[in-house]
Amino acid sequence: MNGEVMKKKINLTLNGKKMTLEMPSHRLLLDLLRDEIGLTGTKEGCGTGDCGACTVLLNGRPVNSCLIFSGELEGADLVTIEGLKIGPELHPVQKAFIQDGGVQCGYCTSGMLMMAKALLDENMSPTEEEIRFALSGNLCRCTGYAKIVQAVQDAAAELRAKQPSHG
Ligand code: FES
Ligand code: FES
């Protein structure tokens with residue numbers, strides 16, 4: 001095939017927008033987001049699935065985008081840190097991370113926020129243990145984790161307060 005790379009059409013939804021991309025199936029989702037689409041909020045830490053910095057949501061589930069190939073994305077619904085805001089407003093996890101000092105250098109933050117959102121989408125009243133377990137694949141070299149856990153607890157409280165009451 002004289003070194004020519006075969007490209008494949010992939011239809012997906014990214015942060016609520018439908019799009020068709022053409023690329024080699026072995027292109028990594030992380031590179032696709034950062035280099036092809038220009039969404040650089042998703043970070044590369046280890047590149048081997050160990051740090052969580054590259055976490056995005058794929059069909060509502062958190063995944064390490066450094067381990068996903070483009071060829072697996074046909075029909076996928078992807079959400080990245082750029083799609084986390086609710087309209088013009090920051091998502092409660094974003095607000096809480098800022099308020100509680102859960103961000104220092106910020107390198108881990110996108111991945112932490114996406115993982116925290118995934119947790120809170122499933123469980124709006126997580127215990128500290130559940131939060132620590134959910135974030136156990138997301139490494140942070142700066143904060144010591146306590147402020148991050150606090151931020152997730154505060155975001156959970158805000159989300160619960162916003163719930164319509166069923167009384
Ligand atoms: S860059 Fe993907 S898990 Fe570290
Ligand atoms: S804030 Fe620096 S790695 Fe987490």
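Where a number appears in this text, it was derived from the coordinates with a stated rule and is not lab data. Quick caveat, the model's predicted, so the values are computed rather than measured. Cβ: placed from backbone, ideal geometry, glycine included. Neighbour counts: every protein chain shown.
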- Query: Reported to two decimal places, what Rg/Rh ratio describes region 3-114 when computed on Cα atoms with Rh from the Kirkwood expression?
  - Reply: 0.99
- Message: Please compute the contact order of the chain in relative form: average sequence separation of alpha-carbon pairs under 8 Å and at least six residues apart, divided by the residue count, as a percent.
- Response: 22
- Sum -39500 (n - 2.57) across every DSSP H segment of at least 4 residues in the chain, then divide by the residue count to get the 222 nm mean residue ellipticity, nearest 500. -8500 deg cm²/dmol
- Task: Could you tell me which of N11, V152, C140 has its Cα farthest along the dipole of the chain towards the positive end, charges placed at Cβ (Lys, Arg +1; Asp, Glu -1), taken about the Cα centre?
- Result: N11
- Considering only DSSP beta bridges where both residues belong to the chain, give the percentage that are antiparallel (nearest 5). 90
- Cα lying deepest toward the dipole's positive end in the chain, options A118, I81, L29, charges on Cβ: I81
- Tell me, R34, R132, R141 in order of fewest to most beta-carbon neighbours within 10 Å? R141, R132, R34
- Item | Distance histogram for region 92-161 (every C-alpha pair counted, 5 angstrom bins, percent rounded to whole numbers) | 3, 21, 35, 28, 11, 3, 0
- Item | Nearest-20 debye value, the chain charge dipole, Cβ charges on Lys, Arg, Asp, Glu | 240
- Task: Please tell me which of these pairs span more than 22 angstrom C-alpha to C-alpha: K9/K85; K43/K85; K8/K117; K17/K147?
- Result: K9/K85; K8/K117; K17/K147
